[in-house]
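Participant: Before I ask anything, here is the structure I am working with.
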Amino acid sequence: MKLVIDESRCKGCNLCVLVCPYGIFAEGTELNSRGIVSPVLDRPERCTNCRLQALYGRMLCGVCRMICPDQAIAWVEERPFEPHRVEVEF
Amino acid sequence: MSASEWFREDRLPHIYCTGCGNGTVINCTLAAVEEMGWKRDETVFVSGIGCSSRAPGYILTDSLHTTHGRALAFATGVKMARPEFNVVVFTGDGDLAAIGGNHFIHACRRNVDMTVVCMNNQIYGMTGGQGSPTTPPGAISTTTPYGASEPAFDLAELAVAAGANYVARWTSYHVKELTKAVTTGMQTPGLAFVEVRTQCPTNYGRHNKLRTVPAMIEHIRSHAMLVEKYNRLTAEGKPIPEGTFTVGELVRRSRPAMGVRR
Ligand SMILES: Cc1ncc(C[n+]2csc(CCOP(=O)(O)OP(=O)(O)O)c2C)c(N)n1
Ligand code: SF4
Ligand code: SF4
Ligand code: SF4
Ligand SMILES: [Mg+2]
């Protein structure tokens with residue numbers, strides 16, 4: 001699964017930046033076409049949901065999605081399979 | 001089905017300001033509805049007037065967007081006519097405790113079987129930031145330019161005193177706890193009241209030195225204290241920091257209720 005921010009909904013409040021325990025969201029710097037500075041994603045594949053949601057068949061953690069007041073955060077299927085390196089932090 | 005399937009996707013993005021807590025409260029309430037496994041055609045959302053009260057307009061069920069302060073009166077009517085329906089009320093601090101204050105205490109007294117979620121942003125958000133009955137002393141609003149001088153209502157304690165079967169308070173930061181509280185409220189027969197302290201960055205934060213959304217939510221989070229800890233500190237006679245409010249489950253009981261499905 002792949003974490004995405006829907007830029008047609010995000011209003012750039014940065015609440016996701018505040019809550020993610022992995023620091024996956026970082027405050028953005030560039031205005032998008034709607035005049036909003038959306039957060040940028042830093043190695044989103046570290047998110048438990050990206051890695052294990054399909055295996056467990058349910059939402060894990062998910063606090064960014066719950067707190068996002070604009071329903072802008074979602075996980076989408078990766079198709080075709082997009083390989084990436086996973087770093088496990090201890 | 002997931003919580004997002006309850007949204008009227010065609011109406012999104014909603015009109016709420018950047019970082020408004022109302023969107024988070026809708027997420028948590030819909031997650032609770034999802035947890036309950038309710039059907040869309042047996043669930044009714046009712047609201048009054050205010051930013052908070054616009055919430056049912058973004059949800060894919062039948063709903064009533066009623067007159068200011070009267071959400072609970074309409075919701076009581078729905079529940080009495082169709083007890084098999086699941087009734088959820090979205091309301092604001094102004095809607096519930098100012099113009100609708102009388103409906104609030106009597107709905108609690110009658111213990112009508114429904115779930116009331118109050119987005120308490122301590123201000124009249126929609127009309128430009130006038131002080132509400134929950135505006136804390138000292139806070140600047142357009143009607144209290146020198147700082148509010150009246151004591152504020154504690155909505156959750158009011159609901160406990162008036163007789164609601166389930167009362168809890170959380171904040172828009174505590175998304176998991178809030179979802180759990182709303183779910184428990186939905187499971188409890190009788191009136192379940194969940195007060196949510198939310199941020200209104202536009203009309204509260206801007207006037208009260210909480211300019212950014214994270215600053216506002218951090219202010220709310222840091223003043224929340226678990227009710228168990230609060231009770232322990234008070235019993236020990238220890239000082240409670242100023243501006244602290246309790247969070248957690250304040251009451252769960254089984255007084256006689258009205259409109260419970262048989
Ligand atoms: C009978 C009546 N009186 C006054 C108003 C104006 N009015 C609209 S919303 C509102 C206050 C809403 O405050 P609250 O319930 O806290 O909602 P918020 O916008 O803060 O979510 C008022 C006074 C109205 N619409 N109808
Ligand atoms: S689900 Fe949790 S870990 Fe994953 S991005 Fe969101 S907050 Fe971070
Ligand atoms: S919480 Fe949602 S609306 Fe706010 S910045 Fe993050 S993605 Fe955008
Ligand atoms: S005025 Fe306040 S309550 Fe209304 S949408 Fe804006 S932030 Fe939310
Ligand atoms: Mg309000």
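The values are calculated or read from the model by the stated rules, or taken from the named source; none is laboratory data. In this text, all values refer to a predicted model and were calculated from it rather than measured experimentally. Don't worry about glycine lacking a Cβ; one is built from the backbone with ideal geometry, like all the others, and counts go over all protein chains shown. In case anyone asks, the SASA skips ligands and DNA or RNA and just uses the protein heavy atoms, side chains included. Shrake-Rupley method; radii C 1.70, N 1.55, O 1.52, S 1.80 Å.
Participant: Taking the alpha-carbon centroid of each part, what is the distance from the range B:60-108 to the range B:135-203 in angstrom?
Facilitator: Centre-to-centre (Cα) distance: 16 Å.
Participant: With angles folded into 0 to 90 degrees, how steeply does helix B:213-222 sit against the dominant principal axis of chain B? Use alpha carbons for both and round to 10.
Facilitator: Helix B:213-222 sits at roughly 90 degrees to that axis.
Participant: With the cut-off at 1.5 for a/c, could you classify the range B:149-223 from its C-alpha gyration tensor as rounded, prolate or oblate? Could the numbers behind the result be given before it?
Facilitator: On the way: a/c = 3.38, a/b = 1.65, b/c = 2.05.
Oblate shape, in that a/c is at least 1.5 and b/c is the bigger or equal ratio.
Participant: Run through the DSSP bridge list for the range B:140-246 and note the antiparallel percent, rounded to the nearest 5.
Facilitator: Details: 1 of 9 bridges.
Antiparallel bridges make up about 10 percent of those DSSP assigns within the range B:140-246.
Participant: Which log10 I(q)/I(0) values, to two decimals, does the protein assembly as shown give at q = 0.06, 0.09, 0.10, 0.15 Å⁻¹ under the Debye formula with one point per Cα?
Facilitator: Here the Debye-derived log intensity ratios amount to -0.22, -0.49, -0.61, -1.31.
Participant: Roughly what % of DSSP beta bridges within the protein assembly as shown run antiparallel, to the nearest 5? Don't jump to the answer; show the numbers that get you there.
Facilitator: Values: 13 of 43 bridges.
Approximately 30 percent, going by the DSSP bridge assignments.
Participant: Taking the Cα atoms of the range B:20-252, report the difference between the largest and smallest coordinate on each principal axis, in whole Å and largest first.
Facilitator: 47, 41, 30
Participant: If you don't mind, another one. How much accessible area per residue does the protein assembly as shown have, in Å², with a 1.4 Å probe?
Facilitator: Working: 16440 Å² over 352 residues.
Value returned for the protein assembly as shown: 47 Å² of accessible area per residue.
Participant: Take every Cα pair under 8 Å in the range A:2-76 that's 6+ residues apart, average their separations, divide by the length, and report that relative contact order as a whole percent. Provide the component values of the computation, followed by the final result.
Facilitator: On the way: 113 pairs, mean separation 31.3, N = 75.
Normalised by residue count, the contact order of the range A:2-76 is 42 percent.
Participant: Share of chain A's accessible area from carbon and sulfur, percent, 1.4 Å?
Facilitator: Working: 2880 of 5240 Å².
The C+S portion of the solvent-accessible surface of chain A is 55 percent.
Participant: For chain B, take the longest principal axis of its alpha carbons; what is the angle in degrees between that and the long axis of helix B:175-187, to the nearest 10 within 0 to 90?
Facilitator: The two axes meet at around 40 degrees.
Participant: How much of the accessible area of the range B:20-252, probe 1.4 Å, is carbon plus sulfur, in whole percent?
Facilitator: After summing per-atom areas, the C and S share lands at 53 percent.
Participant: Within the set B:Lys79/B:Lys209; A:Lys11/B:Lys79; B:Lys209/B:Lys238, which residue pairs have Cα atoms separated by over 31 Å? Spell out each step's value before the answer.
Facilitator: Numbers: B:Lys79/B:Lys209 43 Å; A:Lys11/B:Lys79 37 Å; B:Lys209/B:Lys238 29 Å.
Violating the 31 Å limit, Cα to Cα: B:Lys79/B:Lys209; A:Lys11/B:Lys79.
Participant: Nearest 5 is fine: what % of DSSP beta bridges in the range B:20-252 come out antiparallel, could you say?
Facilitator: Details: 6 of 35 bridges.
About 15 percent, rounded to the nearest 5.
Participant: Reachable aspartates and glutamates from B:Lys180, Cα under 20 Å, same-chain residues fewer than 8 places away excluded?
Facilitator: The reachable aspartates and glutamates, counting only those whose Cα sits under 20 Å from B:Lys180, are B:Glu5, B:Glu34, B:Glu35, B:Asp113, B:Glu157, B:Glu195, B:Glu228, B:Glu249.
Participant: Give the B-A buried accessible area in Å², both sides summed, 1.4 Å probe, nearest 100.
Facilitator: Working: alone 12000 and 6140 Å², together 16440 Å².
Chains B and A together bury approximately 1700 Å².
Participant: Can I ask one more? Starting from the Cα gyration tensor of the range B:196-262, take the square roots of the eigenvalues, sort them a ≥ b ≥ c, and report rounded, prolate or oblate (rounded when a/c is under 1.5, otherwise prolate if a/b is larger than b/c, else oblate). If you can, show how the numbers build up before the last one.
Facilitator: On the way: a/c = 3.82, a/b = 1.37, b/c = 2.79.
Cα axes put the range B:196-262 in the oblate bin.
Participant: Here is a further query. For the range A:3-83, what value does the Rg/Rh ratio take when both radii are computed over Cα atoms and Rh is the Kirkwood radius, given to two decimals? Intermediate results must be reported in sequence, preceding the final value.
Facilitator: Numbers: Rg = 12.6 Å, Rh = 13.2 Å.
Taking Rg over the Kirkwood Rh, I get 0.96.
Participant: Expressed as a rounded percentage, what relative contact order does chain B have, with Cα pairs under 8 Å and six or more residues apart?
Facilitator: Numbers: 579 pairs, mean separation 49.5, N = 262.
19 percent.
Participant: Between beta-carbons, use under 12 Å as the cut-off and find the net charge around B:Leu12, counting Lys and Arg +1, Asp and Glu -1.
Facilitator: 0
Participant: Tell me, which residues of the range A:14-51 get at least 40 Å² less accessible area when the other protein chains come in, versus the chain alone (1.4 Å probe)?
Facilitator: Buried on complex formation: A:Leu15, A:Leu18.
Participant: Through the Karplus equation 6.51 cos²θ - 1.76 cosθ + 1.60, θ set to phi - 60°, convert the phi angles of the range B:190-204 into ³J(HN,Hα) values in whole Hz; use x for Gly and Pro.
Facilitator: Coupling constants for the range B:190-204: x, 7, 10, 10, 10, 8, 10, 6, 10, 9, 10, x, 6, 10, 10 Hz.
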